[in-house]
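Data first, discussion second: the structure below is written as C-alpha cells.
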Amino acid sequence: MNKRQLRALMAVNLRLLNPQVTDRLRKKGKSGAALTRKLWSQFLLSSIVFLVIYGMAMAAGNLSKMPGMFTFYVAIFILLAFSQSISGIYNLFFAGKDLNSYLPLPFRQKEIFLSKILTVSFNVIPYTLPLLMAFFLLSWQSGTMIPLAIVMAVVVHLLIMALIFMLCSVIVFALTKTKLFHDHQNLVMNALTGITMILVIGGILLMNQGNSSSSESFDRNPIAILMPIFELFNKPTSLISGLTWLGLIGVILIFTGIVRFLILPKLSEQLTAVNTAMLSGSHRRQNVKRSGLNANVDAYNRQLLKEPNLLVQVIMNSVMIPVIFMFSFAFAKVPNGLPLKWLGVFFVAGLAFSTFTVNPVSLVGNLISLDRANLEFVESLPISMKYYLQRKFLLGYLLQLALNILMIVIIAIVIKAGFLMSVSLVLGTIWGTYLVSLHYFRRDYRLRVTNWTNVTELFNRGGGNLGMMATMFGALFVGVIIIVAYSMIIMLTPFAVLINLIAATLIIVLSVLILRHYQTKFWQRFN
C-alpha cells in the first residue's frame, strides 16, 4: 500500500469532514500540511472532551470491584459505536458524490476503502474513547503497572473498534447489494436506522433494569457476554484472558478476510451501481393533485426530507446520542407520591431536556439549507417569505417535538415519575423545544449553505463535532446544576409555593424576552 497516497486521501477526507472549519482556517492563512495539522488538532480536542467528562465519572469508583458497571459502560459505547458506524459508512461510501473524482486517479480500491473507513473513525472514535479510559482504569485498579495498563487498553480498544467497523461495513455493503435496496434506498436505510435505534434504546432499558446495590458498593448485574473483557483486564494471566485475546484476534481475521475477498474486489462497481440507482431514482416524481398554498408548501417541505441519509443522521444524532448519554449516567427512581410542589422542578427538567436534544444536527436546524438554491427561487415568488419560513419552521418543530416527547415519555416510565410529574415533564419539553428550535432555525438561516453535496456538510457547520459535543455537554451540565439547585431549595425551604412562583415568573420573563428577540432579529426582517 502506498502510504503517501493514503495520507493524501486522508488529508482530503479530513477537509471534507468539516468544510466550514476548513474554509475558516484557510481564511486565516492555513494551507497544506499546516491546515491538516490544525484539523487534526480539532479532532483531538473533541476526543479529549469526551475522555475528560466520562473519565471523571468512571474514576469515581473502583471498576475492578464493579463488573456490572464496567460491562454496562462497555455495552453503552459499543452500541454507540455500532450505530454511528452504520450511518457513517453509508453516508461516506454511498451518500457521497466523490467516487467519480477518484476513478481517473491512480488510487487502488483498498486505499480508497481504508481512507474512508479511517474517516468514519474520526467521527466515531471520539464517542468511544471513554471505553479506552474504562479499560485503563480497570487494568490499573486490578494491579497492572501503568505502562502495561496503557498498552493493553489501547490495543483492546483498537481491536474492538476495528471489529465494529468491519462488521458494520459487511452489513451495509451486503444490504446495498439487495434488489430491495436499489428499489427503495431511503426506505431501507431508514428502516435499518429504526431497527438499530430500537435495539440500542431497548438494550439500554434492559440494562437499566439490572441495577443492584449493596452495603459495600453500588453496582449493576454484569452483562455475561462482556465478562470475558472484564476478566482480560482484571486477571490478565488467566486462561479466560488468553482465550479472549485469541477470540478477538480470530474474529477480526475472519472479518478481514470477508472485507478483502468479498468487498474490496468489487468496490468501485458496487459504488457506481448504487450511485447510478440513486441518480435515476431521484428523477421519479408522483403526480399528486393538491389544492391550497398551505398544502403545496407543506408537500414541498416534506419532499426535502427524502434527501438520502438525512433522517438516518437526524435520528442517530438527535435521538440516540442524547439517550445514550443520559442513560449512561443512570437515572434514579423517583419516590412515589411526590407532592405538587415538585411540578415546577419537573417542568424545568423538561425545558433542560429540550436544550440537550435539540442541537445542530436536529431537523429544524437544517430545513432551510435543504432548499439549496431553491431558496432564492422562492424569494422571487409572489408569496410572503415570512409565511414560507413559518410553514417550514412548523414542520421542523412538530417533527422534533414528536421525537422529544417519545424520549421524555420513555424517561418518565424508566424513572417512574408518576402521572402529574410526567405531564409537567411533557409540558416543559413542548415549550422548551419551541424556544430552542427558534434558535437553531435562525442559526440555519444565518449559516445557510446552498451548494452542499452531502448532509454531513450541514451538520458540521459552525464548530463541527466539537461544537456539537460542547453544546450538548454544556446544556447537560448547566441543566443538571439548575435542576439540582431547584430541587434542594424545594426540599429544604418551607416556602415551596413562593419559590415555584418565583421560578414561574423567571420562566415567563425569559420566554417573553426570547420570543421578542427572535421576533425583532429574525421574523421582522421578512415583513
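The values are calculated or read from the model by the stated rules, or taken from the named source; none is laboratory data. Small disclaimer: the values here were computed from a predicted structure and weren't measured. Don't worry about glycine lacking a Cβ; one is built from the backbone with ideal geometry, like all the others, and counts go over all protein chains shown. Surface accessibility is based on the protein's heavy atoms, side chains included, excluding ligands, DNA and RNA. Shrake-Rupley method; radii C 1.70, N 1.55, O 1.52, S 1.80 Å.
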task: Output the residues belonging to the range 131-188 that are charged (D, E, K, R) and assigned to a helix (DSSP H, G or I).
output: Lys179, Asp183
message: Any residue that is modelled with pLDDT of 90 or more and within 19 Å of Gly344 (Cβ to Cβ) - is there at least one of those in the range 435-454?
response: yes
- request: Tell me, please, whether a residue that is modelled with pLDDT of 80 or more, closer than 24 Å to Leu232 by Cβ and buried (at least 20 other Cβ atoms within 10 Å of the Cβ) can be found in the range 50-59.
  value: no
field: Scan of the range 335-361 for residues that are open to solvent by less than 50 Å² (accessible area, probe 1.4 Å) and assigned to a loop (DSSP other than H, G, I, E, B), ordered by number
entry: Leu338, Val358, Asn359, Pro360, Val361
- prompt: Quick one: would you say Ser328 is modelled with pLDDT under 85, surrounded by 16 or more Cβ atoms within 10 Å (Cβ to Cβ) and within 30 Å of Ala504 (Cβ to Cβ)?
  reply: no
Index of the failed condition, Ser241 passing every other in (1) over 21 Å from Ala134 (Cβ atoms); (2) over 27 Å from the mean Cα position of the chain (by Cα); (3) polar (S, T, N, Q); (4) at pLDDT 70 or above: (1)
- line: Checked pairs for the range 377-397, first over 18 Å from Ala299 (Cβ atoms) and among the β-branched types (Val, Ile, Thr), second in a helix (DSSP H, G or I) and open to solvent by 30 Å² or more (accessible area, probe 1.4 Å), C-beta under 8 Å and 6 or more apart or across chains, list as none
message: For the range 405-420, give me the residue count where each residue is open to solvent by less than 20 Å² (accessible area, probe 1.4 Å) and at pLDDT 90 or above.
response: 0
- request: State which residue pairs qualify: first residue in contact (Cβ under 8 Å) with a residue 60 or more places away in the chain and inside the range 158-177, second residue open to solvent by 50 Å² or more (accessible area, probe 1.4 Å) in any location, beta carbons under 7 Å apart, and separation of 6 or more residues or different chains.
  value: Leu163/Val251; Ile164/Phe82; Met166/Thr256; Cys168/Phe82; Val170/Ile258
- line: If you go through Thr433, Thr450, the only one that is open to solvent by less than 20 Å² (accessible area, probe 1.4 Å) and touching a Leu at 6+ places or on another chain (Cβ under 9 Å) is Thr433
query: When both residues are 6+ apart or on different chains and their Cβ atoms are under 9 Å apart, which pairs have a first residue that lies in the range 29-47 and is touching a residue at least 24 places away in the same chain (Cβ under 8 Å), and a second that is open to solvent by less than 50 Å² (accessible area, probe 1.4 Å) and of a type in the set (D, E, K, R)?
result: Thr36/Arg15; Leu39/Arg15
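Let's see how each residue does on (1) open to solvent by less than 20 Å² (accessible area, probe 1.4 Å); (2) modelled with pLDDT under 85; (3) over 30 Å from Phe82 (Cβ atoms):
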position	(1), (2), (3)
Val312	yes, yes, no
Pro322	yes, yes, no
Leu363	yes, no, no
Ile368	yes, no, yes
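Yes/no per residue for (1) closer than 28 Å to Phe122 by Cα; (2) at pLDDT below 90; (3) not aliphatic (A, V, I, L, M):
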site	(1), (2), (3)
Ser424	no, no, yes
Gly432	no, no, yes
Phe459	yes, yes, yes
Met469	yes, yes, no
Ile489	no, no, no
- request: Could you please find all residues in the range 497-522 being open to solvent by less than 80 Å² (accessible area, probe 1.4 Å), closer than 25 Å to Leu389 by Cα and within 30 Å of the chain's Cα centre (by Cα)?
  value: Ser511, Ile514, Leu515, His517, Tyr518, Phe522
task: Select from the range 402-421 the residues that are of a type outside the set (A, V, I, L, M, F, W, C) and assigned to a helix (DSSP H, G or I) and list them in ascending order.
output: Asn404
- line: Of the residues in the range 421-430 that are in contact (Cβ under 8 Å) with a residue 24 or more places away in the chain and not polar (S, T, N, Q), the one that is surrounded by the fewest Cβ atoms within 10 Å (Cβ to Cβ) is Leu427
